[in-house]
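Data block below; observations after.
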Amino acid sequence: MDKWLKFLEINAPRIFDLTIEHAILVGAAILVALLIGVPLGIYLTTNDYLAETVLQIASVMLTIPSIALFGVMIPIFSIVNLGIGFVPAFVALVLYAQLPIIRNTYTAIRNVDPEMRDAAIGLGMKPIQRLFRVEIPNAFPVIMAGIRTAVVINIGIGVIAAYIGAGGLGVLITQGITRGDNYLIITGSVAVAILAMIADGFLMWIQKRYTPKSIAN
Amino acid sequence: MITFDKTTKTYDGGVTAVKGVDFTVEKGEIVVLLGPSGCGKTTLLRMVNRLESISDGKIMIDGEDSMSLDSIELRRKIGYVIQSNGLFPNMTIEENVMIVPDLLGWSKKDKKERFKKLMNMISMDSEKFGKRYPHELSGGQQQRIGVIRALAADPPVMLMDEPFGALDPIIREKIQDEFLQIQKEVKKTILFVSHDIDEAIRMADKIVLLRGGELMQYDTPSEMLVRPKSEFVREFFGKDRAIKSLSLHTIRELQDIIGLAEFDEGITDTITINVNHDLRNTLSMLLNQEADQVIVVDDEGNKLGAITIDIVQKYLHFEIKAKPTLVEKG
């Protein structure tokens, strides 16, 4: 136990810095993924043919092993001298976050009660008014569920980003493995788990706070 | 006023849902579109606010071709009520009711006042219900809210697609009456879809009976019951159409033509009935033998006389059955 405390005392600032680094990497990736995924998901509800194709591509993306995808990023970004570090990791994480975000947005908007949509049109709402006043508010919990899934996936996959020099909590784990240092491995893993739980809890709070009372449950 | 001019709807697959329908809904009248399912009544209704396109012919609203208007503007000028009430669960009752005024950019104060007035119409407390959400209301209350939402911006025309169809019979009758009261005040031009013959007879100034997208007859309820133009119309209203037509007459009309019986002060087991009651309900009351004597009273409670099954039968015989077409074939 003493050894643990000593380890944490020495490494606390570093663990904290790496956690922040991890959170920034994932946060930035999710933000960009949202800006792409939500509008795309909404657009796909108006184009069935494209919807199928896009959702399939996004599904395939999620099945690529993360280490392979990170590996692929290196030669691609080497062209612009960004082969390793933040940028390739960020791009890979944006790709991984797409499927849950696009799929949930698409499904949620599609599943808005057609009678409700009919009433909205019949009352004379413009498409954009219908979207913001009726469709998105009623689809919100399902869209949020997709975002939460994406965040948790990204925090996990973000660990692998350490291999291509993007930093984050993966650094503790990879160093621990190469040095055979269990303290490092366990600390890194626990920190990742805690980060994931905090992020998910926060998003759940947002989801509850902004879900219309009458459609909660 | 809504005028249908050879209005036709053909779907892409070549199916014709509405075939060259011609009729006019006069200002301030309720016209019920009636017919078996698949007869095109809902399609015809939805063509008015362009939720369905018009394949051929025209629909004129107050003399203006509906196709010449912007569809968004058009819909905001037409109240729309649907069976499932279509209230938005993410909005409070007040927000729901005030959607169209809000889209039209009314001031906060005007909206508040209008909401109060509308809630008064349906005897619901605006303070108590304004901040609630639709799921916190009963089915009947939700449907009332659906109706006043359509009335919110005071549109001259209203479209109602089986608005009371999902309610249980007792509540439905109550809301129908309430709505007729409101209509007396607001005098909207209303197109109303129903598959319920009793509802149609009750609500309609005129009925449009449709079959397979074609207009079979356009007439007042009593004309349609008494003088059906074709075998289809006759069958549609059924063998009991004579009894159905009783709901269009009140005890007062019977009193004026045939008169009531003397009532016997000696009989203690009596019930009273208002002279404005319709004859169909009166008859079922008599048949149920709820009391030995049924005394008719006016609004002030003065006893006018007694009513019996014999008298109602006489009235039915002379006033309704005596009409030529029914005697011949009915």
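Test B:Lys116 against the criterion of being at pLDDT 95 or above and either open to solvent by 10 Å² or more (accessible area, probe 1.4 Å) or in contact with a strand residue (DSSP E or B) (Cβ under 7 Å, 6 or more places away or on another chain) (or both), and give yes or no.
For B:Lys116, the condition - at pLDDT 95 or above and either open to solvent by 10 Å² or more (accessible area, probe 1.4 Å) or in contact with a strand residue (DSSP E or B) (Cβ under 7 Å, 6 or more places away or on another chain) (or both) - is met.
Restricting attention to the range A:45-79, which residues are hydroxyl-bearing (Ser, Thr, Tyr) and within 14 Å of A:Leu93 (Cβ to Cβ)?
A:Ser66
Please give the number of the condition B:Asp299 fails out of (1) outside any loop (DSSP other than H, G, I, E, B); (2) at pLDDT 85 or above.
Just one mismatch for B:Asp299, condition (1).
Which of the residues spanning the range A:175-184 are open to solvent by 30 Å² or more (accessible area, probe 1.4 Å) and assigned to a helix (DSSP H, G or I)?
A:Gln175, A:Ile177, A:Thr178, A:Arg179, A:Asn182, A:Tyr183
Report the residue count in the range B:81-99 for those that are facing chain A (nearest Cβ under 7 Å), surrounded by 20 or more Cβ atoms within 10 Å (Cβ to Cβ), within 24 Å of the chain's Cα centre (by Cα) and not hydrophobic (A, V, I, L, M, F, W, C).
1
When the range A:185-207 is examined, which residues are found to be open to solvent by less than 40 Å² (accessible area, probe 1.4 Å) and without any contact (Cβ under 8 Å) to a residue 24 or more places away in the chain?
A:Gly201
Looking for something under 16 Å from the mean Cα position of the chain (by Cα) and of a type in the set (A, V, I, L, M) - is there at least one such residue anywhere in the range B:136-144?
Scanning the range B:136-144, I find no residue that is under 16 Å from the mean Cα position of the chain (by Cα) and of a type in the set (A, V, I, L, M), so the answer is no.
Any residue in the range B:191-206 that's under 13 Å from B:Glu173 (Cα atoms): show its pairings with residues that are open to solvent by 10 Å² or more (accessible area, probe 1.4 Å) and of a type in the set (Gly, Ala, Ser) at Cβ separation under 7 Å, as long as the two are six or more apart or on different chains.
Correct list of pairs: B:Ile201/B:Ser247; B:Arg202/B:Ser247.
Against the definition (more than 14 Å from chain A (Cβ to nearest Cβ), open to solvent by less than 20 Å² (accessible area, probe 1.4 Å) and part of a helix (DSSP H, G or I)), how does B:Leu74 come out, yes or no?
It is false that B:Leu74 is more than 14 Å from chain A (Cβ to nearest Cβ), open to solvent by less than 20 Å² (accessible area, probe 1.4 Å) and part of a helix (DSSP H, G or I).
Test B:Arg46 against the criterion of being within 23 Å of B:Phe236 (Cβ to Cβ) and of a type outside the set (A, V, I, L, M, F, W, C), and give yes or no.
yes
Based on this model, can you work out whether A:Val94 counts as out of contact with any strand residue (DSSP E or B) (no Cβ under 6 Å at 6 or more places or on another chain), modelled with pLDDT of 90 or more, not in a loop (DSSP other than H, G, I, E, B) and not hydroxyl-bearing (Ser, Thr, Tyr)?
Judged against the criteria, A:Val94 is a match.
What single numbered condition from (1) in contact (Cβ under 8 Å) with a residue 12 or more places away in the chain; (2) not in a helix (DSSP H, G or I) fails to hold for A:Met125?
(1)
Out of all the residues in the range B:120-127, is one or more more than 14 Å from chain A (Cβ to nearest Cβ), in contact (Cβ under 8 Å) with a residue 60 or more places away in the chain, open to solvent by less than 20 Å² (accessible area, probe 1.4 Å) and within 24 Å of the chain's Cα centre (by Cα)?
yes
Give the residue that is surrounded by the fewest Cβ atoms within 10 Å (Cβ to Cβ), with candidates limited to residues of the range B:11-53 that are within 13 Å of B:Val157 (Cα to Cα) and of a type in the set (Asp, Glu).
Ranking the candidates gives B:Glu26 first.
From the set of residues in the range B:100-113 that are free of Cβ contacts under 8 Å to residues at least 12 places away in the same chain and in a helix (DSSP H, G or I), which is most open to solvent (accessible area, probe 1.4 Å)?
In this case the residue turns out to be B:Lys108.
Looking at (1) within 14 Å of chain A (Cβ to nearest Cβ); (2) among the charged types (D, E, K, R); (3) open to solvent by 10 Å² or more (accessible area, probe 1.4 Å); (4) closer than 28 Å to B:Glu64 by Cβ, which one does B:Arg132 not meet, given that it meets all the others?
So B:Arg132 meets the others, but not (4).
What are the residues in the range B:25-50 that are out of contact with any helix residue (DSSP H, G or I) (no Cβ under 6 Å at 6 or more places or on another chain) and part of a loop (DSSP other than H, G, I, E, B), if any?
Residues satisfying the conditions are B:Glu26, B:Lys27, B:Gly28, B:Glu29, B:Pro36, B:Ser37, B:Gly38, B:Cys39, B:Gly40.
Against the condition at positive phi and more than 14 Å from chain B (Cβ to nearest Cβ), how does A:Gly167 come out, does it pass?
yes
How many of the residues making up the range B:302-315 are open to solvent by less than 30 Å² (accessible area, probe 1.4 Å) and assigned to a helix (DSSP H, G or I)?
Number of matching residues: 3.
Can you pull out every residue in the range A:93-150 that is of a type in the set (Val, Ile, Thr), more than 14 Å from chain B (Cβ to nearest Cβ) and open to solvent by 30 Å² or more (accessible area, probe 1.4 Å)?
Matches in the range A:93-150: A:Thr107, A:Thr149.
Please indicate, with yes or no, whether at least one residue in the range B:142-150 is more than 12 Å from chain A (Cβ to nearest Cβ), of a type outside the set (A, V, I, L, M, F, W, C) and open to solvent by less than 30 Å² (accessible area, probe 1.4 Å).
Yes: one or more hits.
Kindly evaluate B:Asp161 against the criterion of being among the charged types (D, E, K, R) and more than 14 Å from chain A (Cβ to nearest Cβ).
When the stated conditions are applied, B:Asp161 does not pass them.
The values are calculated or read from the model by the stated rules, or taken from the named source; none is laboratory data. Keep in mind that this is a model prediction, so the values were computed, not measured. Glycine gets a Cβ as well: all are built from the backbone with ideal geometry, and neighbour counts include every protein chain shown. Keep in mind that these areas ignore ligands, DNA and RNA; they rest on the heavy atoms of the full protein, side chains included. Shrake-Rupley method; radii C 1.70, N 1.55, O 1.52, S 1.80 Å.
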